[in-house]
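J.: Please find one structure pasted underneath; my questions will follow.
The values are calculated or read from the model by the stated rules, or taken from the named source; none is laboratory data. None of these values were measured; they are calculated from a predicted model. Every residue, glycine as well, gets a Cβ built from its backbone with ideal geometry; the counts of neighbours run over all protein chains shown. Heavy atoms of the whole protein, side chains included, go into the accessibility calculation; ligands, DNA and RNA do not. Shrake-Rupley method; radii C 1.70, N 1.55, O 1.52, S 1.80 Å.
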Amino acid sequence: VLISRSRPDAEVLFGAGIKGGHNAEHHNHNDVGSYTIVLDGADMLGDPGGETYTRRTFSRERYVSKVLNSYGHPVPLVAGKRQAGGRKAAAEVLASEFSSQRDCLLLDLSAAYAVPELTELTRSFRYDRKERVIEIIDAVRFAEPQTFSTPLVTYRKVFRRDRGTWFLYDATRCVRVDVSVEGGAWELEQEEIENPGRRSPTRLAVTLAAPVAGARVRFLVSPCDLPDDLPGIYRKPRWGALKPDLKLAAMAEAESPTAQTGGEIAVCEKPGASGKAFKFWDDNGHTLEYILDVPRAGTYAVLVRA
């Protein structure tokens, strides 16, 4: 197990834990090579943790659970196969480097997969404290082409800006993930992992579109400010030189749209409303239109009260 932290005087506390181990540990999960990345005390991506204990948890069906078997962990799916159980399914440390600036670890994960065609499977982990980046690279080779997939797992919101740029975030924290793939065309497979009684993590799998003889998948994770275009996040407006005067505002009462299409609101009384309020406005494709007269062309602020 490697625990890799930022410097104590760092402005942003950013770190990770990564494990090798084997798949016969006490209260074992099949998770050789799993990791967690943490930003300011919150796990942003990585290991999903455990499940709510049931009779199944401690039975022969233990690894039916996707948060106990390897499928729900941030480890590869090789030739369609999950990690095997038992002590022989173990990681080997091939190389390591530790300094005040960076930590590096190279693990051989091939023994965890019962795939005869698999000739090489390594996971490279690098944390550069100066650059504030964590790099994870999975490299695989087969004697004959096979399928290959490797995922990220997160409890955070996910925003995919473009094919290879993802943001994982909550209300105050955000990490950017840059994805690059060598070896063939790839697809993103996104799903919620069932976890009865607890939160369901999201699995973001980079999956090679066709069987490959070899592939290299690189995730570069770095902390960042919350971008303005993230869905579901309120950001206080940056007024700059604009100083809105609410006493001069042109106001439209929300319950009185100029026009609407795709639905019909119902106007109702509501304590605290300016005038009245309305409901039944959130059907897919329901549009409300408001027309405001402004005295002259220029830059205006729009304030919506909800």
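J.: Chymotrypsin sites (Phe, Trp or Tyr not before Pro), restricted to the range 1-60: which are DSSP loop and have at most 16 other Cβ atoms within 10 Å? Before the final figure, lay out the partial values.
T.: On the way: sites: F14, Y35, Y53, F58; in loops: Y53.
Sites meeting the loop and neighbour criteria: Y53.
J.: Here's something else I'd like to know. Taking the Cα centre of the range 11-130 as the origin, how large is its charge dipole in debye, to the nearest 20, when only Lys and Arg (+1) and Asp and Glu (-1) carry charge on their Cβ atoms? Walk me through the intermediate numbers first.
T.: Details: 15 positive and 15 negative charges, 98 e Å.
The dipole magnitude comes to about 480 debye.
J.: Then there's this: Please build a GNM for the chain, connecting alpha carbons under 10 Å apart, and tell me which residue among T52, T154, T119 fluctuates the most.
T.: T52
J.: Okay, moving on. Beyond 22 Å between alpha-carbons counts as too far, so tell me which of K130/K236; K243/K270; K157/K236; K19/K66; K247/K270 fall in that bin.
T.: Beyond 22 Å: K130/K236; K243/K270; K247/K270.
J.: Assuming a ≥ b ≥ c are the square roots of the Cα gyration tensor eigenvalues, decide whether the range 114-156 counts as rounded (a/c under 1.5), prolate (otherwise, with a/b larger than b/c) or oblate.
T.: Numbers: a/c = 4.05, a/b = 1.94, b/c = 2.09.
Since a/c reaches 1.5 but b/c is at least a/b, the shape of the range 114-156 is classed as oblate.
J.: Let me ask something additional. Under the rule a/c < 1.5 gives rounded, and otherwise a/b versus b/c splits prolate from oblate, where does the range 22-129 land using the Cα gyration tensor?
T.: oblate
J.: Which residue fluctuates the most in the chain, going by a Gaussian network model with Cα springs under 10 Å, if the choices are A42, A210, A254?
T.: A254
J.: Please label the shape of the range 134-263 as rounded, prolate or oblate, based on the square roots a ≥ b ≥ c of the eigenvalues of the alpha-carbon gyration tensor (a/c under 1.5 means rounded; beyond that, a/b larger than b/c means prolate, else oblate).
T.: prolate
J.: Run the accessible area of the chain with a 1.4 Å probe and give the carbon-and-sulfur part as a rounded percent.
T.: For the chain, the apolar C and S fraction of the accessible surface comes to 51 percent.
J.: Calculate one ³J(HN,Hα) per residue across the range 177-193 by plugging θ = phi - 60° into the Karplus curve 6.51 cos²θ - 1.76 cosθ + 1.60, and present them in order as whole Hz with x for glycine and proline.
T.: Calculated HN-Hα couplings, in order: 10, 9, 10, 9, 9, 10, x, x, 5, 9, 10, 9, 10, 10, 8, 8, 8 Hz.
J.: In addition: Apply 1/(1 + (r/R0)^6) to the Cβ-Cβ distance of A95 and A213, taking R0 = 22 Å, and write down the FRET efficiency to the nearest 0.05.
T.: Calculated value: 0.35.
J.: Give the residue list of GluC sites (Glu not before Pro) in the range 72-172 that are DSSP loop and have at most 13 other beta-carbon atoms within 10 angstrom.
T.: Numbers: sites: E92, E97, E117, E120, E131, E135; in loops: E117, E131.
Sparse-neighbourhood loop GluC sites (Glu not before Pro): E131.
J.: Same structure, new question: State, as an integer percentage, the relative contact order of the range 164-283 based on alpha-carbon contacts under 8 Å between residues 6 or more apart.
T.: Relative CO of the range 164-283 lands at 20 percent.
J.: Pick the calculated Cα extents along the principal axes in Å for this structure from (i) 74, 41, 32; (ii) 74, 45, 37; (iii) 55, 43, 42?
T.: It is the value labelled (ii).
J.: Also, quick follow-up: Only loop residues by DSSP count here, and only those with at most 16 other Cβ atoms within 10 Å; note down the trypsin sites (Lys or Arg not before Pro) in the range 165-215 that meet that.
T.: Loop-located and lightly packed - R198, R199.
J.: Right, something else. Quote the charge dipole size of the chain about the Cα centre in Debye, to the nearest 20; the model charges only the Cβ of Lys and Arg (+1) and of Asp and Glu (-1).
T.: Dipole size: approximately 640 debye.
J.: Give me, ordered by chain and number, the residues 5 or more places off L45 or on other chains with an amide H under 5 Å from its own placed amide H.
T.: Under 5 Å from the amide H of L45: I37.
J.: So what is the accessible area of the chain per residue, in Å², with the probe set to 1.4 Å?
T.: 58 Å²
J.: What order, most packed first, do the peptides 214-227, 232-245 have when packing is the mean number of other Cβ atoms within 10 Å of each residue? Mind showing how you got there, number by number?
T.: On the way: 214-227: 17.5, 232-245: 8.8.
In decreasing order of mean packing, 214-227, 232-245 become 214-227, 232-245.
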